[in-house]
């Protein structure tokens with residue numbers, strides 16, 4: 001159907017009509033590619049699970065890592081630790097792990113010793129319920145609790161190079177292990193329900209939810225991008241568009257801006273609940289930290 005500038009401006013002004021048109025275009029994709037059938041095997045021979053049957057309560061028929069929706073060139077970057085552009089940050093994280101900071105004269109290693117042993121499996125469990133706080137800890141809030149309560153050091157900002165380096169380094173120790181978010185505590189179950197509500201609630205000028213793209217239309221090419229299921233088993237990720245590492249909540253913020261919604265606060269209740277819910281949707285997929293995405 002032909003349109004003109006006047007009609008387009010009218011739709012934009014109407015807001016709701018624009019949202020309806022956009023939702024219709026998403027529900028009838030013009031090109032669907034689906035995940036590829038590549039197998040992720042690291043240089044050392046370790047095979048990473050990127051395709052898995054979900055639990056009985058999952059809304060998805062299969063779980064697919066975001067890696068399966070990337071170009072062969074991007075996939076290759078992640079597979080090679082020497083070429084993976086996130087690994088300089090991992091090296092920084094290792095240095096920070098052994099650096100003494102704060103009034104207590106401690107480093108991370110002072111309490112946790114060798115990260116390759118003590119941090120193995122940690123990333124796979126986060127966000128994790130904290131009974132004292134009555135809320136889930138993300139990796140970022142856990143790191144900052146250790147810094148302020150045990151080291152007497154200042155908090156790191158959420159997207160600071162130090163925080164991203166540390167979460168990448170700690171996350172690497174769980175690479176290949178299955179995501180395993182524990183929802184057995186009633187408090188955690190409530191937060192997961194809150195995250196589910198955020199996931200399915202339409203917001204913004206385009207009146208869209210996370211599910212519109214990542215559940216109903218994954219595999220579809222939208223503009224120049226290949227929509228994935230939005231699994232977060234690889235965060236923090238090195239995103240080529242960013243030219244650096246970023247957290248899952250930075251990605252949430254970007255998605256909300258894309259649909260012309262006012263983003264929730266990074267570290268706030270909504271994004272923390274959403275992160276916990278998304279992690280639980282990917283239970284069983286391997287931790288890929290640090291992954292590489294477009």
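Within region 149-165, residues that are over 20 Å from residue 133 (Cβ atoms) sit with their Cβ atoms under 8 Å from residues that are part of a loop (DSSP other than H, G, I, E, B) and modelled with pLDDT of 95 or more, at 6+ positions apart or across chains, in these pairs: 159/247; 159/266; 162/156; 164/236; 164/247. Within region 78-88, one or more residues are under 18 Å from the mean Cα position of the chain (by Cα), touching a residue at least 24 places away in the same chain (Cβ under 8 Å), within 23 Å of residue 278 (Cα to Cα) and in a helix (DSSP H, G or I). In region 256-274 there is at least one residue matching the filter, namely being under 28 Å from residue 88 (Cα atoms) and surrounded by 21 or more Cβ atoms within 10 Å (Cβ to Cβ).
Checking the structure you have, find out if any residue of region 148-160 is surrounded by 22 or more Cβ atoms within 10 Å (Cβ to Cβ) and either under 26 Å from residue 51 (Cα atoms) or in the same structural domain as residue 97 (by TED's automatic domain parsing) (or both). So far as region 148-160 goes, no, none of its residues is surrounded by 22 or more Cβ atoms within 10 Å (Cβ to Cβ) and either under 26 Å from residue 51 (Cα atoms) or in the same structural domain as residue 97 (by TED's automatic domain parsing) (or both). Evaluation of residue 60 against the conditions (1) free of Cβ contacts under 8 Å to residues at least 12 places away in the same chain; (2) assigned to a loop (DSSP other than H, G, I, E, B); (3) surrounded by 12 or more Cβ atoms within 10 Å (Cβ to Cβ); (4) not assigned by TED's automatic domain parsing to the domain that holds residue 148 shows that the sole unmet condition is (1).
Taken over region 219-240, the residue count meeting the criterion of being under 23 Å from residue 272 (Cα atoms) and either assigned to a loop (DSSP other than H, G, I, E, B) or touching a residue at least 60 places away in the same chain (Cβ under 8 Å) (or both) is 12.
State whether the residues of region 223-231 include one that is over 27 Å from residue 123 (Cα atoms) and surrounded by 15 or more Cβ atoms within 10 Å (Cβ to Cβ). Taking every residue of region 223-231 in turn, none turns out to be over 27 Å from residue 123 (Cα atoms) and surrounded by 15 or more Cβ atoms within 10 Å (Cβ to Cβ). Go through the residues of region 196-209 one by one and say whether even a single one is farther than 18 Å from residue 136 by Cβ and in contact with a strand residue (DSSP E or B) (Cβ under 8 Å, 6 or more places away or on another chain). Scanning region 196-209 turns up at least one residue that is farther than 18 Å from residue 136 by Cβ and in contact with a strand residue (DSSP E or B) (Cβ under 8 Å, 6 or more places away or on another chain).
The values are calculated or read from the model by the stated rules, or taken from the named source; none is laboratory data. All of these numbers come straight from a predicted model, not from anything done at the bench. Counting neighbours? That spans all protein chains shown, and the Cβs are built from the backbone with ideal geometry, glycine included.
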